[in-house]
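What follows is a single structure, written as structure tokens, with notes after it.
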Amino acid sequence: MEQEEKVEAEQLKKQTEVKAALEQTTPPPEARRIETRKSRAVRLVSYAALAILFAGFRVLLATVDLGLPARTEEVLRRASLGAALVLLALLAGKTAEIYFLSQIDSVVSRYNLKRILRLIVALAIAMIVVSVVFVNWYTAVVSFGLISLILGFALQTPITSFIGWIYILVRKPYRVGDRILIGDAKGDVIDVSYLDTTLWEFGGQYLSTDHPSGRIIKFPNSKVLTTAVYNYSWPLFPYIWNEIKFQIAYDSDLEFVANTMREVAEGELGETMMERVKVYRELLEQTPVDHLQVQERPVVLFRVSDNTWLEAIVRYIVDPKKAGRTKTDLIQKLLKRLNAAPDRVGFPRSNLR
């Protein structure tokens with residue numbers, strides 16, 4: 001069955017619309033195909049060979065009279081030199097990406113630095129093309145300045161989004177893989193491009209839980225400059241508090257209820273989870289928020305309800321991406337344990353509940 005699913009998935013990837021969607025949503029770097037050493041070497045050798053070829057052609061034009069018109073020869077010289085420089089820029093960028101960026105342990109850092117490197121290479125290529133088209137650098141600078149002024153007015157929103165991208169890289173309000181809420185959009189970040197951010201939505205208008213909705217959300221990076229960002233994956237504490245409430249009668253055995261709810265919650269979360277939270281608590285103590293009380297173990301509280309019942313509340317810490325599943329499992333196990341002792345726990349039985 002698993003093999004059939006893989007085959008079907010590979011067939012879907014070949015469809016034009018699916019391929020375009022995959023390119024649009026750009027999965028995190030660790031999910032992308034890793035180039036083999038052979039393919040990397042072939043690409044680098046190809047760039048180097050073509051650069052040498054164009055450079056040799058440029059030297060040939062400068063040293064040998066081919067009988068071409070002066071204007072044509074000048075255009076070929078500049079074009080061959082420009083092509084050689086473009087290939088050298090691509091070669092330098094790919095070399096840095098393979099032999100330097102690949103050594104960085106952090107997947108997110110590699111992803112961001114790769115974006116920056118590719119932007120630098122693109123700008124270098126743009127400058128080479130401008131220098132080939134314009135012989136006079138003064139004319140090129142003036143033309144570039146006028147074009148930039150015109151584009152600045154015409155592309156104000158994309159430019160602001162690009163500034164937002166730089167802000168995201170520097171200030172890190174979120175990173176690829178984080179679960180965030182910004183405005184009405186909430187989901188897991190799967191791509192941060194130069195102009196926009198892509199989320200894999202969870203929840204949404206058709207779901208009441210935190211399950212992925214199957215939709216993607218795109219918003220301009222400029223939004224991060226004016227809208228509050230709620231990040232559920234803060235590196236110093238990648239957890240959230242969650243709670244479950246039950247209405248019980250006043251004459252219930254509150255000590256039994258508290259012990260039972262705490263025991264079930266601890267069993268569901270597991271010692272590994274609680275030990276991990278304990279480590280993060282020590283990290284928090286080294287920050288300005290060290291006054292926060294981070295309880296790694298579940299806590300049970302009682303509150304007076306608006307009606308004639310008490311509210312028994314169990315509060316616990318959970319991975320935000322597992323919150324919905326954990327809550328469902330806990331509700332089932334809590335009800336099973338509490339309903340097994342009807343003489344000690346009274347639940348509402350009227351139609352008003």
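Points worth noting:
- Entry comment: accessible area of the stretch 222-284 is 54 Å² per residue, from protein heavy atoms only and a probe of 1.4 Å.
- Overall, the accessible surface of the stretch 214-336 at a probe of 1.4 angstrom is composed of carbon and sulfur to the extent of 51 percent.
- Using the Cβ-Cβ distance between Phe256 and Thr328 with R0 set to 22 Å, the FRET efficiency works out to roughly 0.40.
- Links that overshoot a 25 Å alpha carbon limit, given the list Lys223/Lys327; Lys114/Lys218; Lys172/Lys218; Lys114/Lys322; Lys245/Lys333; Lys186/Lys333: Lys223/Lys327; Lys114/Lys322; Lys186/Lys333
- Per residue convex hull volume, Cα atoms of the stretch 293-353, in Å³: 133
- Solvent exposure of the stretch 40-97 as accessible area per residue, Å², 1.4 Å probe: 58
The values are calculated or read from the model by the stated rules, or taken from the named source; none is laboratory data. Computed from a predicted model, the values in this text were never measured in an experiment. Positions of Cβ are backbone-derived with ideal geometry, glycine not excepted, and every protein chain shown enters the neighbour counts. All accessible areas refer to the heavy atoms of the entire protein, side chains included, with ligands and DNA or RNA removed. Shrake-Rupley method; radii C 1.70, N 1.55, O 1.52, S 1.80 Å.
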